[in-house]
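The block underneath contains the structure these notes are about, expressed in structure tokens.
The values are calculated or read from the model by the stated rules, or taken from the named source; none is laboratory data. What you see is a predicted model; the values in this text were computed from it and never measured. Note: ideal-geometry Cβ built from the backbone for every residue, glycine included; neighbour counts use all protein chains shown. Calculation scope for accessible area: heavy atoms of the full protein, side chains included, ligands and nucleic acids excluded. Shrake-Rupley method; radii C 1.70, N 1.55, O 1.52, S 1.80 Å.
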Amino acid sequence: MRLAETEHRVMNQIWNKEGITAKELAEVLGELIGWSKTTTYTVISRCIEKGYIRREDPKFHCYSTISRQQVGEWETDELVFRNYHNRPDLLVASLLGRRKLSAEQIANLHELLKQMEAEI
């Protein structure tokens with residue numbers, strides 16, 4: 001599953017404030033990126049149709065039905081499949097080859113790998 005950029009913008013606001021009303025979403029997104037009320041409501045409707053958002057009345061409160069973490073995992077899986085031949089090690093190698101990591105970040109990666117090894 002992959003969210004469109006417009007869907008991400010709506011979902012980010014809902015994740016930041018569960019239960020936000022559609023009216024409040026339109027106001028926030030109007031200020032942040034210049035969306036009209038119609039544009040915001042169209043994207044909200046699309047997210048409801050796809051099952052990402054649950055609507056509660058009165059006042060059209062919006063609640064997420066998927067988590068930010070779920071979306072990140074789905075999109076990471078798609079990225080690995082599409083660009084790295086379904087090999088997460090190639091993605092990690094690409095990321096590590098492009099940046100300098102601090103000693104703390106390297107230690108965190110070592111710890112994560114140890115935990116993953118223990119689960120095998």
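Among the residues of the range 14-22, are any in contact (Cβ under 8 Å) with a residue 24 or more places away in the chain, open to solvent by 60 Å² or more (accessible area, probe 1.4 Å) and not aliphatic (A, V, I, L, M)? Outline the logic, then answer.
If we filter the range 14-22 for residues that are in contact (Cβ under 8 Å) with a residue 24 or more places away in the chain, which is where we start, we get 14-15, 18-22.
Add one more test, that the residue is open to solvent by 60 Å² or more (accessible area, probe 1.4 Å), and what stays is 18.
Next, from what is left, pick out any that are not aliphatic (A, V, I, L, M): 18.
There is at least one residue in the range 14-22 that is in contact (Cβ under 8 Å) with a residue 24 or more places away in the chain, open to solvent by 60 Å² or more (accessible area, probe 1.4 Å) and not aliphatic (A, V, I, L, M).
If you check Tyr63 against the conditions, is it hydroxyl-bearing (Ser, Thr, Tyr), over 28 Å from Leu95 (Cβ atoms) and not in a helix (DSSP H, G or I)?
Yes, satisfied.
Among the residues of the range 40-60, which ones are of a type outside the set (D, E, K, R) and within 20 Å of the chain's Cα centre (by Cα)?
The answer is Thr40, Tyr41, Thr42, Val43, Ile44, Ser45, Cys47, Ile48, Gly51, Tyr52, Ile53.
Restricting attention to the range 23-59, which residues are touching a strand residue (DSSP E or B) at 6+ places or on another chain (Cβ under 6 Å) and surrounded by 16 or more Cβ atoms within 10 Å (Cβ to Cβ)?
Cys47, Ile53
Can you name the residue in the range 61-91 that is open to solvent by 80 Å² or more (accessible area, probe 1.4 Å) and within 22 Å of Lys17 (Cβ to Cβ) and, of all such residues, is farthest from the chain's Cα centre (by Cα)?
Gln69
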